[in-house]
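Below: the structure, in structure tokens.
Values quoted throughout were computed directly from the atomic coordinates according to the rules given, and no laboratory measurement underlies them. These numbers come from a predicted model, not from an experiment. Virtual Cβ from ideal backbone geometry, glycine too; neighbours counted across all protein chains shown.
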Amino acid sequence: MLEEARAAESDKDFVSKCSIGLKECRESWTRLRVCLKRKLGPEAEARGLVQEGNELISIVTAIIRNKRRSMAKKLAAKKAERPGARKRPSRAYEFHVPNS
């Protein structure tokens with residue numbers, strides 16, 4: 001899925017495919033941890049693979065987080081440059097006693 005994300009058609013498609021890839025990374029990482037606990041295969045190699053899986057999860061998580069931030073900035077900039085866009089009034093309210 002991460003390889004498919006490189007050819008995504010839009011930012012949303014990219015984030016979606018990366019999110020699926022992240023789920024796959026987490027699933028593999030969990031299976032590697034089970035193998036380590038059950039002592040399947042050489043322990044040093046299993047520990048290295050668990051660590052690498054953890055690092056991959058961190059990398060993909062950062063990619064998704066950064067892309068979402070950039071998408072939010074693009075959307076905010078697009079809204080700000082719209083001609084005739086209304087600005088929202090301030091939400092500061094004062095309490096007034098009626099008929100006083």
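Annotations for the structure displayed:
- Compared with the alpha-carbon gap, the fully stretched path from K23 to C35 is longer by 2.5 nm at 0.36 nm per residue.
- Approximate spin-label separation M1-R65, in nm, with each point projected 7 Å along Cα-to-Cβ: 1.9 nm
- Cross-linked pairs K12/K67; K17/K78; K23/K79; K12/K78; K23/K67: Cα-Cα separations exceed 21 Å for K17/K78; K23/K79.
- The stretch 2-80, relative contact order in percent, only Cα pairs under 8 angstrom and at least six apart counted: 31 percent
- For the stretch 2-80, the fraction of C-alpha pairs farther apart than 15 angstrom is 63 percent.
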